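Enquirer: Mind looking over this structure? Questions follow.
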Amino acid sequence: MNKRAPTNRKDYQPIKVYCYPDERQTIEQQAHSTGLSKSSYLLRVGMGYPIRSIVDNHQVEELVKINGDLGRLGGLLKLWLSNGKPAPGIDARILRETLQKIDTTQDQMVALMQRVLRPQAEPMRSSRTSSDRSTRKDDGP
């Protein structure tokens with residue numbers, strides 16, 4: 001008579017999903033593209049959680065590295081300008097324009113990274129707030 005309380009999901013009964021072989025293959029491919037197991041992928045989809053592709057995350061990681069490289073390049077150029085000894089034939093105006101272009105490129109990269117990652121979270125926020133409103137009983141003025 002020693003019943004233990006379930007401690008994780010595997011202690012509960014699973015849900016079976018019947019599907020055709022091509023549907024199964026699609027689910028497996030989608031789960032693989034997100035880096036999740038089939039079970040975790042289907043659970044997140046069923047619960048309405050946002051699904052992020054690992055491909056997007058890898059691309060953002062690469063953009064972060066490039067952004068860091070641009071920042072280091074800009075720092076080296078600023079250091080070079082502060083020494084007051086620019087190379088012959090290169091005036092300070094050209095270097096300042098280059099620094100401005102680096103700053104502009106970094107801003108564009110940050111905006112791109114946000115567009116890649118945030119759209120996946122945005123629809124969930126709006127759908128959750130509308131469902132939260134419908135479940136509240138005391139929505140007064």
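Just so you know, all these numbers are worked out from the coordinates, no wet-lab data involved. Predicted, not measured: the structure shown is a model, and the values here were computed from it. No Cβ is skipped: glycine too gets one built from the backbone with ideal geometry, and neighbour counts run over all protein chains shown.
Enquirer: Going by the alpha-carbon gyration tensor, a ≥ b ≥ c the square roots of its eigenvalues, is the range 3-61 rounded (a/c under 1.5) or, if a/c is not under 1.5, prolate (a/b greater than b/c) versus oblate?
Expert: Because a/c hits 1.5 or more and a/b fails to exceed b/c, the range 3-61 counts as oblate.
Enquirer: Right, another one. What FRET efficiency comes out for the pair residue 13/residue 58, r = Cβ-Cβ distance, R0 = 35 Å, nearest 0.05?
Expert: 0.45
Enquirer: Going Cα to Cα from residue 78, which lysines come in below 29 Å? Please leave out same-chain ones fewer than 8 positions away.
Expert: Correct list for residue 78: 65, 101.
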